[in-house]
Amino acid sequence: MFSRYFYFSLCLFLPTQRRCSLGHVPDLHSSDTTSLPGFENLTMGYNKYLRPYFGGEPVQIAMSMDIASISSISESNMDYTATIYLRQRWTDPRLVFHGNKSFTLDARLVELLWVPDTYIVESKRSFLHDVTVGNRLIRLFANGTILYALRITTTVACNMDLSKYPMDTQTCRLQLESWGYDENDVIFTWLRGNDSVHGIEKLRLSQYTVEHYYTLVSKSQQETGSYPRLILQFELRRNVLYFILETYVPSTLLVMLSWVSFWITLDSVPARTCIGVTTVLSMTTLMIGSRSSLSKTNCFIKAIDVYLGICFSFIFGALVEYAVAHYSSSQKCAAKAPPKGPTNELTKEMEEVNFTNILNSSITSYKQKISFTSVEISSDNVNCSDLTMKTHEKIKCVLRNKMHRIIGYFTIQNPSNVDHYSKLLFPLFFMLVNVFYWAYYLYF
(Lines give C-alpha, C1' and ligand atoms only; values in the text may rest on other atoms or scores of the structure.)
Protein backbone atom coordinates (compact mmCIF):
# COMPACT_ATOMS: atom_id res chain seq x y z
CA MET A 1 0.00 0.00 0.00
CA PHE A 2 2.81 2.36 0.95
CA SER A 3 4.70 1.76 -2.31
CA ARG A 4 1.68 2.23 -4.54
CA TYR A 5 0.67 5.48 -2.78
CA PHE A 6 4.16 6.82 -3.13
CA TYR A 7 4.39 5.77 -6.77
CA PHE A 8 1.46 7.92 -7.78
CA SER A 9 2.58 10.83 -5.58
CA LEU A 10 5.98 10.97 -7.22
CA CYS A 11 4.70 10.56 -10.78
CA LEU A 12 4.22 14.31 -10.88
CA PHE A 13 8.01 14.72 -10.97
CA LEU A 14 8.42 12.61 -14.09
CA PRO A 15 8.90 14.16 -17.52
CA THR A 16 5.76 14.45 -19.63
CA GLN A 17 6.55 11.46 -21.82
CA ARG A 18 7.07 9.27 -18.80
CA ARG A 19 4.08 10.25 -16.63
CA CYS A 20 2.27 7.39 -14.96
CA SER A 21 -0.88 6.14 -16.52
CA LEU A 22 -3.66 4.57 -14.59
CA GLY A 23 -2.57 1.14 -13.43
CA HIS A 24 0.91 1.54 -14.91
CA VAL A 25 4.04 1.69 -12.75
CA PRO A 26 7.16 3.26 -14.24
CA ASP A 27 10.34 1.31 -14.74
CA LEU A 28 12.07 1.18 -11.38
CA HIS A 29 15.46 0.42 -12.87
CA SER A 30 15.53 3.13 -15.51
CA SER A 31 18.74 5.07 -15.81
CA ASP A 32 16.87 8.37 -15.39
CA THR A 33 16.62 8.06 -11.59
CA THR A 34 17.20 11.74 -10.86
CA SER A 35 13.54 12.47 -11.55
CA LEU A 36 12.47 9.82 -9.05
CA PRO A 37 13.93 11.06 -5.76
CA GLY A 38 14.29 8.28 -3.24
CA PHE A 39 11.99 6.00 -5.18
CA GLU A 40 14.31 3.03 -5.43
CA ASN A 41 15.34 3.29 -1.78
CA LEU A 42 11.78 3.60 -0.57
CA THR A 43 10.77 0.44 -2.36
CA MET A 44 13.65 -1.54 -0.90
CA GLY A 45 12.53 -2.29 2.65
CA TYR A 46 11.75 1.20 3.94
CA ASN A 47 10.04 0.95 7.33
CA LYS A 48 8.55 4.11 8.80
CA TYR A 49 8.43 2.52 12.25
CA LEU A 50 12.23 2.34 12.46
CA ARG A 51 14.32 5.44 12.87
CA PRO A 52 17.28 6.19 10.59
CA TYR A 53 20.46 4.41 11.67
CA PHE A 54 18.35 2.00 13.68
CA GLY A 55 20.57 0.06 16.06
CA GLY A 56 23.47 2.41 15.37
CA GLU A 57 24.37 6.01 16.02
CA PRO A 58 21.68 8.44 17.18
CA VAL A 59 19.88 10.67 14.71
CA GLN A 60 20.95 14.33 14.72
CA ILE A 61 17.85 16.53 14.62
CA ALA A 62 18.51 20.23 14.08
CA MET A 63 15.70 22.66 14.86
CA SER A 64 14.82 26.25 14.16
CA MET A 65 11.66 28.25 14.65
CA ASP A 66 9.90 31.50 13.92
CA ILE A 67 7.71 33.08 16.59
CA ALA A 68 4.75 34.39 14.61
CA SER A 69 2.89 35.86 17.60
CA ILE A 70 2.33 35.74 21.33
CA SER A 71 -1.37 36.46 21.48
CA SER A 72 -1.94 36.50 25.23
CA ILE A 73 -0.04 36.34 28.49
CA SER A 74 -2.26 35.46 31.45
CA GLU A 75 -1.14 36.25 35.00
CA SER A 76 -4.23 34.57 36.40
CA ASN A 77 -3.56 31.23 34.67
CA MET A 78 0.20 31.75 34.55
CA ASP A 79 0.60 30.83 30.90
CA TYR A 80 1.08 32.33 27.47
CA THR A 81 -0.26 31.46 24.03
CA ALA A 82 2.08 31.53 21.04
CA THR A 83 1.95 30.62 17.37
CA ILE A 84 5.23 29.19 16.07
CA TYR A 85 6.69 27.80 12.86
CA LEU A 86 8.72 24.78 13.94
CA ARG A 87 11.26 23.36 11.49
CA GLN A 88 13.08 20.05 12.02
CA ARG A 89 15.91 18.70 9.90
CA TRP A 90 17.47 15.26 9.96
CA THR A 91 19.15 12.90 7.53
CA ASP A 92 17.69 9.55 6.55
CA PRO A 93 20.19 7.54 4.43
CA ARG A 94 17.33 5.41 3.12
CA LEU A 95 16.04 8.43 1.15
CA VAL A 96 19.26 9.36 -0.66
CA PHE A 97 18.88 9.82 -4.42
CA HIS A 98 21.14 10.92 -7.26
CA GLY A 99 21.30 14.52 -8.29
CA ASN A 100 21.41 17.84 -6.51
CA LYS A 101 17.76 18.75 -6.49
CA SER A 102 15.30 19.07 -3.64
CA PHE A 103 11.62 18.28 -3.88
CA THR A 104 8.69 19.54 -1.82
CA LEU A 105 6.29 16.63 -1.32
CA ASP A 106 2.64 16.53 -0.46
CA ALA A 107 2.21 17.03 3.27
CA ARG A 108 0.07 13.91 3.50
CA LEU A 109 3.16 11.82 2.77
CA VAL A 110 4.36 12.54 6.29
CA GLU A 111 2.17 9.66 7.39
CA LEU A 112 4.40 7.34 5.35
CA LEU A 113 7.75 8.57 6.70
CA TRP A 114 9.53 8.34 10.00
CA VAL A 115 9.38 11.67 11.88
CA PRO A 116 10.68 12.65 15.33
CA ASP A 117 8.25 12.41 18.25
CA THR A 118 8.87 15.98 19.38
CA TYR A 119 6.47 17.51 21.90
CA ILE A 120 6.22 20.82 23.76
CA VAL A 121 6.99 20.52 27.45
CA GLU A 122 4.48 22.10 29.88
CA SER A 123 1.99 22.64 27.08
CA LYS A 124 -1.61 22.93 28.27
CA ARG A 125 -3.28 23.06 24.85
CA SER A 126 -1.84 22.76 21.35
CA PHE A 127 -3.17 22.30 17.87
CA LEU A 128 -1.88 22.12 14.32
CA HIS A 129 -3.47 24.56 11.88
CA ASP A 130 -5.43 22.87 9.11
CA VAL A 131 -6.87 25.69 6.96
CA THR A 132 -7.11 25.13 4.08
CA VAL A 133 -5.06 21.98 4.51
CA GLY A 134 -2.83 20.78 7.31
CA ASN A 135 -0.08 23.38 7.69
CA ARG A 136 2.85 20.99 7.25
CA LEU A 137 5.73 20.88 4.85
CA ILE A 138 7.92 17.99 3.71
CA ARG A 139 11.00 18.72 1.63
CA LEU A 140 13.42 16.01 0.50
CA PHE A 141 17.04 16.71 -0.44
CA ALA A 142 19.35 14.53 -2.52
CA ASN A 143 21.58 13.61 0.43
CA GLY A 144 18.60 12.20 2.33
CA THR A 145 18.03 15.29 4.45
CA ILE A 146 14.38 15.88 5.32
CA LEU A 147 12.92 19.27 6.25
CA TYR A 148 9.74 18.93 8.26
CA ALA A 149 7.93 22.19 9.13
CA LEU A 150 4.78 22.72 11.21
CA ARG A 151 2.59 25.66 12.16
CA ILE A 152 1.51 25.22 15.77
CA THR A 153 -0.45 27.28 18.27
CA THR A 154 0.23 26.29 21.85
CA THR A 155 -0.58 27.47 25.36
CA VAL A 156 2.42 26.90 27.61
CA ALA A 157 2.69 27.24 31.38
CA CYS A 158 4.96 29.99 32.68
CA ASN A 159 5.62 30.26 36.40
CA MET A 160 5.48 33.93 37.35
CA ASP A 161 6.67 35.84 40.41
CA LEU A 162 4.16 38.66 40.84
CA SER A 163 5.59 40.14 44.04
CA LYS A 164 6.83 43.18 42.08
CA TYR A 165 3.74 43.53 39.88
CA PRO A 166 3.42 45.79 37.86
CA MET A 167 7.17 46.51 37.87
CA ASP A 168 8.07 42.88 37.32
CA THR A 169 10.09 41.01 34.73
CA GLN A 170 8.96 37.49 33.92
CA THR A 171 11.09 34.70 32.47
CA CYS A 172 9.22 32.19 30.32
CA ARG A 173 10.36 29.12 28.41
CA LEU A 174 9.41 27.18 25.32
CA GLN A 175 10.86 23.66 25.65
CA LEU A 176 11.01 20.94 23.00
CA GLU A 177 11.71 17.37 23.96
CA SER A 178 11.61 13.88 22.51
CA TRP A 179 8.74 11.88 23.93
CA GLY A 180 9.93 8.30 23.44
CA TYR A 181 13.45 8.35 22.01
CA ASP A 182 16.19 8.91 24.57
CA GLU A 183 19.63 10.40 23.91
CA ASN A 184 20.87 7.05 22.62
CA ASP A 185 18.43 7.30 19.72
CA VAL A 186 18.13 11.00 18.90
CA ILE A 187 20.12 14.15 19.62
CA PHE A 188 18.46 17.57 19.53
CA THR A 189 20.47 20.62 18.50
CA TRP A 190 19.71 24.19 17.49
CA LEU A 191 20.49 24.75 13.84
CA ARG A 192 22.34 28.04 14.33
CA GLY A 193 22.37 28.71 18.08
CA ASN A 194 20.54 31.93 19.03
CA ASP A 195 20.08 32.68 15.34
CA SER A 196 17.82 29.64 15.09
CA VAL A 197 14.97 31.71 16.53
CA HIS A 198 13.45 34.56 14.54
CA GLY A 199 10.55 36.93 14.97
CA ILE A 200 10.62 37.20 18.74
CA GLU A 201 12.53 40.48 18.69
CA LYS A 202 9.86 42.03 16.45
CA LEU A 203 6.90 41.18 18.67
CA ARG A 204 4.75 44.05 19.94
CA LEU A 205 2.83 43.00 23.03
CA SER A 206 0.18 44.99 24.87
CA GLN A 207 1.72 44.92 28.35
CA TYR A 208 5.20 43.53 27.82
CA THR A 209 8.44 44.18 26.02
CA VAL A 210 10.74 41.29 25.08
CA GLU A 211 14.12 42.23 26.53
CA HIS A 212 16.36 39.19 26.08
CA TYR A 213 16.12 35.70 24.67
CA TYR A 214 18.58 32.87 24.26
CA THR A 215 18.64 29.18 23.39
CA LEU A 216 19.81 26.31 25.54
CA VAL A 217 20.49 22.61 25.05
CA SER A 218 19.63 20.41 27.99
CA LYS A 219 18.61 16.92 29.05
CA SER A 220 15.57 15.70 30.92
CA GLN A 221 16.43 12.94 33.34
CA GLN A 222 13.44 10.69 33.96
CA GLU A 223 12.83 7.22 35.25
CA THR A 224 12.75 5.76 31.73
CA GLY A 225 15.97 7.44 30.61
CA SER A 226 17.63 10.69 29.65
CA TYR A 227 15.84 12.61 26.93
CA PRO A 228 17.21 15.48 24.83
CA ARG A 229 15.61 18.89 25.34
CA LEU A 230 15.91 22.26 23.59
CA ILE A 231 14.97 25.42 25.47
CA LEU A 232 14.06 28.88 24.24
CA GLN A 233 14.15 31.24 27.21
CA PHE A 234 12.96 34.84 26.97
CA GLU A 235 12.42 37.70 29.41
CA LEU A 236 9.30 39.86 29.38
CA ARG A 237 9.39 43.26 31.07
CA ARG A 238 6.00 44.74 31.90
CA ASN A 239 5.19 48.23 30.66
CA VAL A 240 4.45 50.16 33.87
CA LEU A 241 3.22 53.38 32.24
CA TYR A 242 -0.32 52.05 31.89
CA PHE A 243 -0.52 51.23 35.60
CA ILE A 244 0.94 54.60 36.57
CA LEU A 245 -1.87 56.37 34.71
CA GLU A 246 -4.54 53.86 35.73
CA THR A 247 -3.77 53.30 39.42
CA TYR A 248 -0.78 55.15 40.84
CA VAL A 249 -1.77 58.68 39.77
CA PRO A 250 -5.42 58.41 40.93
CA SER A 251 -4.41 56.97 44.31
CA THR A 252 -1.79 59.70 44.81
CA LEU A 253 -4.33 62.40 43.94
CA LEU A 254 -6.76 60.93 46.47
CA VAL A 255 -4.10 61.20 49.16
CA MET A 256 -3.44 64.82 48.24
CA LEU A 257 -7.19 65.50 48.27
CA SER A 258 -7.40 64.24 51.84
CA TRP A 259 -4.85 66.91 52.85
CA VAL A 260 -7.26 69.67 51.80
CA SER A 261 -9.12 69.14 55.08
CA PHE A 262 -6.10 70.46 57.00
CA TRP A 263 -6.82 73.94 55.57
CA ILE A 264 -10.48 73.87 56.64
CA THR A 265 -11.34 75.12 60.14
CA LEU A 266 -12.25 72.66 62.85
CA ASP A 267 -15.73 74.13 63.11
CA SER A 268 -16.59 73.06 59.54
CA VAL A 269 -17.64 69.56 60.55
CA PRO A 270 -19.69 68.63 57.43
CA ALA A 271 -17.00 69.78 54.98
CA ARG A 272 -14.13 67.96 56.64
CA THR A 273 -16.16 64.83 57.31
CA CYS A 274 -17.36 64.73 53.70
CA ILE A 275 -13.81 64.98 52.35
CA GLY A 276 -12.53 62.28 54.69
CA VAL A 277 -15.30 59.77 54.06
CA THR A 278 -15.35 60.39 50.28
CA THR A 279 -11.59 59.83 49.90
CA VAL A 280 -11.73 56.66 52.02
CA LEU A 281 -14.56 55.19 49.94
CA SER A 282 -12.90 56.18 46.65
CA MET A 283 -9.66 54.57 47.74
CA THR A 284 -11.49 51.39 48.75
CA THR A 285 -13.15 51.21 45.32
CA LEU A 286 -9.78 51.68 43.61
CA MET A 287 -8.26 48.87 45.65
CA ILE A 288 -11.10 46.48 44.87
CA GLY A 289 -10.87 47.27 41.14
CA SER A 290 -7.13 46.68 41.14
CA ARG A 291 -7.44 43.27 42.78
CA SER A 292 -10.41 42.12 40.72
CA SER A 293 -8.32 42.17 37.52
CA LEU A 294 -6.06 39.50 39.03
CA SER A 295 -8.59 37.59 41.08
CA LYS A 296 -6.70 34.30 40.98
CA THR A 297 -3.40 35.78 42.16
CA ASN A 298 -4.59 37.42 45.36
CA CYS A 299 -2.32 35.09 47.33
CA PHE A 300 0.54 37.32 46.20
CA ILE A 301 1.28 40.56 48.03
CA LYS A 302 2.05 42.61 44.97
CA ALA A 303 3.85 45.94 44.72
CA ILE A 304 0.67 47.67 43.63
CA ASP A 305 -1.13 46.31 46.71
CA VAL A 306 1.58 47.74 48.94
CA TYR A 307 1.25 51.19 47.36
CA LEU A 308 -2.53 51.18 47.58
CA GLY A 309 -2.25 50.12 51.20
CA ILE A 310 0.12 53.03 51.89
CA CYS A 311 -2.27 55.50 50.23
CA PHE A 312 -5.23 54.12 52.16
CA SER A 313 -3.30 54.47 55.43
CA PHE A 314 -2.55 58.15 54.76
CA ILE A 315 -6.15 58.87 53.77
CA PHE A 316 -7.50 57.11 56.84
CA GLY A 317 -4.89 58.91 58.97
CA ALA A 318 -6.16 62.26 57.71
CA LEU A 319 -9.68 61.31 58.76
CA VAL A 320 -8.51 60.18 62.19
CA GLU A 321 -6.49 63.40 62.55
CA TYR A 322 -9.64 65.47 62.21
CA ALA A 323 -11.46 63.29 64.73
CA VAL A 324 -8.67 63.81 67.29
CA ALA A 325 -8.41 67.54 66.64
CA HIS A 326 -12.17 68.08 66.81
CA TYR A 327 -12.50 66.04 70.00
CA SER A 328 -9.70 67.98 71.70
CA SER A 329 -11.20 71.27 70.59
CA SER A 330 -14.64 70.36 71.92
CA GLN A 331 -13.16 69.23 75.24
CA LYS A 332 -11.27 72.48 75.62
CA CYS A 333 -14.34 74.55 74.77
CA ALA A 334 -16.42 72.61 77.28
CA ALA A 335 -13.86 73.26 80.00
CA LYS A 336 -13.82 77.01 79.29
CA ALA A 337 -17.59 77.41 78.90
CA PRO A 338 -19.27 79.30 81.85
CA PRO A 339 -22.03 77.50 83.79
CA LYS A 340 -25.52 78.19 82.50
CA GLY A 341 -28.17 79.68 84.91
CA PRO A 342 -30.48 82.68 85.68
CA THR A 343 -28.69 86.00 85.43
CA ASN A 344 -30.21 87.66 88.47
CA GLU A 345 -28.56 89.72 91.20
CA LEU A 346 -28.31 86.79 93.62
CA THR A 347 -26.37 84.77 91.07
CA LYS A 348 -24.01 87.65 90.42
CA GLU A 349 -23.36 88.11 94.13
CA MET A 350 -22.69 84.38 94.52
CA GLU A 351 -20.29 84.48 91.54
CA GLU A 352 -18.43 87.41 93.08
CA VAL A 353 -18.18 85.62 96.44
CA ASN A 354 -16.99 82.43 94.73
CA PHE A 355 -14.44 84.34 92.72
CA THR A 356 -13.14 86.03 95.90
CA ASN A 357 -12.90 82.70 97.71
CA ILE A 358 -11.14 81.06 94.78
CA LEU A 359 -8.69 83.95 94.56
CA ASN A 360 -7.92 83.80 98.28
CA SER A 361 -7.48 80.03 98.23
CA SER A 362 -5.20 80.27 95.18
CA ILE A 363 -2.98 82.85 96.89
CA THR A 364 -2.77 80.72 100.03
CA SER A 365 -1.95 77.60 98.04
CA TYR A 366 0.67 79.50 96.04
CA LYS A 367 2.37 80.66 99.22
CA GLN A 368 2.39 77.11 100.56
CA LYS A 369 4.00 75.81 97.36
CA ILE A 370 6.66 78.50 97.49
CA SER A 371 7.49 77.57 101.07
CA PHE A 372 8.11 73.99 100.04
CA THR A 373 10.10 74.63 96.84
CA SER A 374 13.34 73.95 98.65
CA VAL A 375 12.10 70.51 99.54
CA GLU A 376 9.82 69.26 96.70
CA ILE A 377 8.08 70.66 93.64
CA SER A 378 4.55 69.37 94.18
CA SER A 379 2.42 67.92 96.93
CA ASP A 380 2.37 64.57 95.17
CA ASN A 381 6.12 64.39 95.31
CA VAL A 382 6.08 65.35 98.96
CA ASN A 383 3.68 62.54 99.69
CA CYS A 384 5.82 60.08 97.78
CA SER A 385 8.86 61.05 99.83
CA ASP A 386 7.01 60.82 103.09
CA LEU A 387 8.97 58.68 105.52
CA THR A 388 5.81 57.30 107.12
CA MET A 389 4.58 55.76 103.86
CA LYS A 390 4.93 52.05 103.25
CA THR A 391 7.05 50.70 100.42
CA HIS A 392 4.17 49.56 98.17
CA GLU A 393 2.42 52.90 98.69
CA LYS A 394 5.54 54.77 97.61
CA ILE A 395 5.78 52.61 94.47
CA LYS A 396 2.16 53.31 93.60
CA CYS A 397 2.71 57.00 94.17
CA VAL A 398 5.78 57.11 91.93
CA LEU A 399 3.98 55.21 89.15
CA ARG A 400 1.02 57.54 89.44
CA ASN A 401 3.28 60.56 89.04
CA LYS A 402 4.95 59.09 85.97
CA MET A 403 1.60 58.27 84.37
CA HIS A 404 0.46 61.85 84.93
CA ARG A 405 3.61 63.10 83.22
CA ILE A 406 3.21 60.72 80.26
CA ILE A 407 -0.42 61.72 79.80
CA GLY A 408 0.65 65.34 80.00
CA TYR A 409 3.03 64.85 77.11
CA PHE A 410 0.21 63.61 74.87
CA THR A 411 -2.33 66.12 76.02
CA ILE A 412 -3.15 68.54 73.23
CA GLN A 413 -2.95 71.99 74.69
CA ASN A 414 -3.88 73.80 71.46
CA PRO A 415 -6.03 71.74 69.02
CA SER A 416 -5.37 74.16 66.19
CA ASN A 417 -1.72 73.10 66.22
CA VAL A 418 -2.76 69.60 65.12
CA ASP A 419 -3.76 70.87 61.69
CA HIS A 420 -0.70 73.09 61.56
CA TYR A 421 1.69 70.19 62.09
CA SER A 422 -0.32 67.86 59.84
CA LYS A 423 0.10 70.25 56.91
CA LEU A 424 3.85 69.61 57.11
CA LEU A 425 4.16 66.06 58.44
CA PHE A 426 1.68 64.25 56.19
CA PRO A 427 3.23 65.42 52.85
CA LEU A 428 6.75 64.93 54.21
CA PHE A 429 6.17 61.36 55.35
CA PHE A 430 4.31 60.53 52.14
CA MET A 431 7.23 61.71 50.00
CA LEU A 432 9.71 59.74 52.10
CA VAL A 433 7.62 56.58 51.82
CA ASN A 434 7.42 57.06 48.04
CA VAL A 435 11.19 57.41 47.77
CA PHE A 436 11.75 54.13 49.64
CA TYR A 437 8.95 52.38 47.74
CA TRP A 438 10.14 53.21 44.22
CA ALA A 439 13.80 52.68 45.08
CA TYR A 440 13.09 49.22 46.46
CA TYR A 441 10.85 47.92 43.66
CA LEU A 442 12.84 49.44 40.80
CA TYR A 443 16.41 48.72 41.89
CA PHE A 444 16.26 45.78 44.32
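The values are calculated or read from the model by the stated rules, or taken from the named source; none is laboratory data. What you see is a predicted model, and the numbers here were worked out from it, not measured in a lab. Cβ placement follows ideal geometry from the backbone for every residue including glycine, while neighbour counts extend to all protein chains displayed. We work out accessible area using only protein heavy atoms, side chains counted, and drop any ligands, DNA or RNA first. Shrake-Rupley method; radii C 1.70, N 1.55, O 1.52, S 1.80 Å.
Okay, here's what the table says:
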item	result
Filtered residues of the range 217-251 (kept if of a type in the set (S, T, N, Q) and open to solvent by 40 Å² or more (accessible area, probe 1.4 Å))	SER218, GLN221, GLN222, THR224, ASN239
Residue count for the range 221-251, restricted to those that are β-branched (Val, Ile, Thr) and part of a strand (DSSP E or B)	1
THR132 polar (S, T, N, Q) and either in a strand (DSSP E or B) or surrounded by 14 or more Cβ atoms within 10 Å (Cβ to Cβ) (or both)	no
Residue match in the range 211-231 (condition: more than 30 Å from PHE188 (Cα to Cα) and in contact (Cβ under 8 Å) with a residue 12 or more places away in the chain)	no
Scope the range 149-189; condition of a type in the set (Ser, Thr, Tyr) and open to solvent by 20 Å² or more (accessible area, probe 1.4 Å); matching residues	SER163, THR169, THR171, TYR181, THR189
Filter pass, TYR80 being open to solvent by 40 Å² or more (accessible area, probe 1.4 Å) and not in a loop (DSSP other than H, G, I, E, B)	no
Total residues in the range 96-112, condition of a type in the set (Val, Ile, Thr) and in a strand (DSSP E or B)	1
Residue check for ARG125: surrounded by 15 or more Cβ atoms within 10 Å (Cβ to Cβ), charged (D, E, K, R) and assigned to a strand (DSSP E or B)	no
Looking only at the range 392-444, and only at residues there that are basic (Lys, Arg) and at pLDDT below 75, the one that is least open to solvent (accessible area, probe 1.4 Å)	LYS394
Restricting the range 252-281 to residues that are open to solvent by 60 Å² or more (accessible area, probe 1.4 Å) and under 32 Å from the mean Cα position of the chain (by Cα), the residue that is farthest from SER330 (Cα to Cα)	LEU253
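So that you can scan it fast, the table gives a plain yes or no per residue for (1) surrounded by fewer than 20 Cβ atoms within 10 Å (Cβ to Cβ); (2) without any contact (Cβ under 8 Å) to a residue 40 or more places away in the chain; (3) more than 25 Å from the chain's Cα centre (by Cα):
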position	(1), (2), (3)
GLY56	yes, yes, yes
ILE61	no, no, yes
ILE73	no, no, no
HIS98	yes, no, yes
PHE103	yes, no, yes
ALA107	yes, yes, yes
VAL110	yes, yes, yes
ASP117	yes, no, yes
